[in-house]
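K.L.:
Pasting a structure below so you can have a look.
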């Protein structure tokens, strides 16, 4: 867990308020790493900690953790509302929203805070690692670590070096993902890497099928799960990640690919305008009440 082959003992996660941040922190802390969870919003930090505590409490109920292990893993997680609190981290993973200037500015600021040997990683699902690293001051120590949703349950991580990423950075990041109990795959710094290069257009195709009246959302999801063996239907997945997040993925992906299938469908934009954001708003392609899902 603290193997000297990667030299990473303390992990920082930027963006506790997002879909992925809390899950990534769970992965790191569960594997034995001291974990600093940073977000500018104190409310987001409190919500993320409550979600994390609830996740591990369920693990205790299922016999996967003892009560002492639950307490120990929570003790390894430190909330922080300022970037300066990440100074002692050996690896910082950003999980802020998909906006290139925002990620670039964050990495420039972190460069002035972290020790010279510390690694910077982006959980971006669509943006170029090379562009995110550009001008940050440690381009050779920047790498893409794209976790799968939900990060605390899914083992896959897409490991994506940029053009200036050093071989040593790739080796250290790869070793850390394995030490964290994940399963890394190597991808090139290309739009969408593996998963989203296939998934963003596919999800949009499914939304367009709903828009065209091909079938009801529940029937489309049922058909795909039963015929293709998916554990979760695409519309249920979009509700989980957030319809607004799907739009941001499209807006990041389409300009660099010019693939018409990657452009946001009109129905998606209408639903977001109506406040139908998915699980987090209680309504998306399905409606939700107390966590239970109903067809819509």
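The values are calculated or read from the model by the stated rules, or taken from the named source; none is laboratory data. The model shown is predicted, which means the values in this text are computed figures rather than measured ones. So basically every Cβ, Gly included, is an ideal-geometry build from the backbone, and we count neighbours across all protein chains shown.
K.L.:
Mind listing just one residue for me: the one in the stretch 5-14 that is in a loop (DSSP other than H, G, I, E, B) and modelled with pLDDT of 95 or more and, of those, surrounded by the most Cβ atoms within 10 Å (Cβ to Cβ)?
P.N.:
Top of the filtered list is 8.
K.L.:
Could I ask something else about it? Consider only pairs whose beta carbons are under 9 Å apart and that are at least six residues apart or on different chains; among these, list those whose first residue lies in the stretch 261-281 and is without any contact (Cβ under 8 Å) to a residue 12 or more places away in the chain and whose second residue is assigned to a loop (DSSP other than H, G, I, E, B).
P.N.:
Pairs that qualify, where the first residue is without any contact (Cβ under 8 Å) to a residue 12 or more places away in the chain and the partner is assigned to a loop (DSSP other than H, G, I, E, B), are 270/276; 281/242; 281/275.
K.L.:
With respect to the numbered conditions (1) surrounded by 15 or more Cβ atoms within 10 Å (Cβ to Cβ); (2) in contact (Cβ under 8 Å) with a residue 40 or more places away in the chain; (3) not in a helix (DSSP H, G or I), which one is the sole condition not fulfilled by residue 17?
P.N.:
Looking at each condition in turn, residue 17 falls short on (2).
K.L.:
Check the stretch 52-74 and report whether any residue there is touching a helix residue (DSSP H, G or I) at 6+ places or on another chain (Cβ under 7 Å), surrounded by 14 or more Cβ atoms within 10 Å (Cβ to Cβ), in the same structural domain as residue 174 (by TED's automatic domain parsing) and closer than 15 Å to residue 11 by Cα.
P.N.:
Yes, there is a match, as at least one residue in the stretch 52-74 is touching a helix residue (DSSP H, G or I) at 6+ places or on another chain (Cβ under 7 Å), surrounded by 14 or more Cβ atoms within 10 Å (Cβ to Cβ), in the same structural domain as residue 174 (by TED's automatic domain parsing) and closer than 15 Å to residue 11 by Cα.
K.L.:
Follow-up question, since we're still on this one. Can residue 184 be described as assigned to a loop (DSSP other than H, G, I, E, B) and at negative phi? Spell out how you get there, then give the answer.
P.N.:
Values: assigned to a loop (DSSP other than H, G, I, E, B): no; at negative phi: yes.
The answer is no for residue 184.
K.L.:
Working only within the stretch 70-91, note down all residues that are in contact (Cβ under 8 Å) with a residue 40 or more places away in the chain and within 21 Å of residue 106 (Cα to Cα).
P.N.:
Residues satisfying the conditions are 78, 79, 80, 81, 82, 83, 85, 86, 88, 89, 90, 91.
K.L.:
Could you look through the stretch 59-76, keep only residues that are assigned to a loop (DSSP other than H, G, I, E, B) and within 26 Å of the chain's Cα centre (by Cα), and pick out the one that is modelled with the highest pLDDT? I'd like the intermediate steps shown before the answer.
P.N.:
Residues of the stretch 59-76 that are assigned to a loop (DSSP other than H, G, I, E, B), as a first pass: 62-66, 76.
Narrowing the set further to residues that are within 26 Å of the chain's Cα centre (by Cα) leaves 62, 64-65, 76.
On the way: 62: 94, 64: 91, 65: 91, 76: 97.
Among those that are assigned to a loop (DSSP other than H, G, I, E, B) and within 26 Å of the chain's Cα centre (by Cα), it is 76.
K.L.:
Something else now. Can you tell me which residue among 180, 175 is surrounded by 15 or more Cβ atoms within 10 Å (Cβ to Cβ), within 17 Å of the chain's Cα centre (by Cα) and not assigned by TED's automatic domain parsing to the domain that holds residue 223? Full working, then the answer.
P.N.:
Working: 175 fails: within 17 Å of the chain's Cα centre (by Cα).
Checking each option against the conditions leaves just 180.
K.L.:
May I ask you to list the residues in the stretch 27-58 that are part of a helix (DSSP H, G or I) and touching a residue at least 40 places away in the same chain (Cβ under 8 Å)? Before the answer, list the steps.
P.N.:
Within the stretch 27-58, the first condition is being part of a helix (DSSP H, G or I), and the residues that meet it are 27-30, 42-58.
Within the stretch 27-58, 27, 28, 29, 30, 55 qualify.
K.L.:
Could you say which residue among 31, 25 is crowded, with 17+ Cβ neighbours inside 10 Å, under 18 Å from the mean Cα position of the chain (by Cα), farther than 23 Å from residue 102 by Cα and in the same structural domain as residue 178 (by TED's automatic domain parsing)? Walk me through it before giving the result.
P.N.:
Values: 25 fails: farther than 23 Å from residue 102 by Cα.
Going through 31, 25 in turn, just one is crowded, with 17+ Cβ neighbours inside 10 Å, under 18 Å from the mean Cα position of the chain (by Cα), farther than 23 Å from residue 102 by Cα and in the same structural domain as residue 178 (by TED's automatic domain parsing): 31.
K.L.:
Let me ask something else. What number of residues in the stretch 248-261 are at pLDDT 95 or above and in contact with a helix residue (DSSP H, G or I) (Cβ under 6 Å, 6 or more places away or on another chain)?
P.N.:
Within the stretch 248-261, the subset at pLDDT 95 or above is 260-261.
When the remaining residues are screened for being in contact with a helix residue (DSSP H, G or I) (Cβ under 6 Å, 6 or more places away or on another chain), the result is 261.
Looking only at that region, the number is 1.
K.L.:
Name the residue that is nearest to residue 271 (Cα to Cα), counting only residues in the stretch 214-239 that are part of a loop (DSSP other than H, G, I, E, B) and under 26 Å from the mean Cα position of the chain (by Cα).
P.N.:
Start the filter on the stretch 214-239 by keeping residues that are part of a loop (DSSP other than H, G, I, E, B), which leaves 214-216, 229-233.
From the residues that got through so far, the ones that are under 26 Å from the mean Cα position of the chain (by Cα) too are 229-233.
Details: 229: 28, 230: 25, 231: 25, 232: 21, 233: 18 Å.
Filtering the stretch 214-239 for residues that are part of a loop (DSSP other than H, G, I, E, B) and under 26 Å from the mean Cα position of the chain (by Cα), the one nearest to residue 271 (Cα to Cα) comes out as 233.
K.L.:
OK, next. Would you mind finding the one in 209, 218, 264, 274 that is in contact with a strand residue (DSSP E or B) (Cβ under 8 Å, 6 or more places away or on another chain) and either buried (at least 19 other Cβ atoms within 10 Å of the Cβ) or modelled with pLDDT of 95 or more (or both)? It would help to see each step written out before you state the result.
P.N.:
Details: 209 fails: in contact with a strand residue (DSSP E or B) (Cβ under 8 Å, 6 or more places away or on another chain); 264 fails: in contact with a strand residue (DSSP E or B) (Cβ under 8 Å, 6 or more places away or on another chain); 274 fails: in contact with a strand residue (DSSP E or B) (Cβ under 8 Å, 6 or more places away or on another chain).
Just a single option satisfies the conditions, and that option is 218.
K.L.:
Among the residues of the stretch 142-164, is any touching a strand residue (DSSP E or B) at 6+ places or on another chain (Cβ under 9 Å) and in a helix (DSSP H, G or I)? Write out each step before concluding.
P.N.:
At the first step, the residues of the stretch 142-164 found to be touching a strand residue (DSSP E or B) at 6+ places or on another chain (Cβ under 9 Å) are 142-148, 151, 154-162, 164.
Now drop any that are not in a helix (DSSP H, G or I), which leaves none.
Among the residues of the stretch 142-164, not one is touching a strand residue (DSSP E or B) at 6+ places or on another chain (Cβ under 9 Å) and in a helix (DSSP H, G or I), which makes the answer no.
K.L.:
Right, another one. Please go through the stretch 121-152 and pick out each residue that is buried (at least 20 other Cβ atoms within 10 Å of the Cβ) and more than 20 Å from residue 185 (Cβ to Cβ).
P.N.:
Across the stretch 121-152, the qualifying residues are 133, 136, 138, 139, 141.
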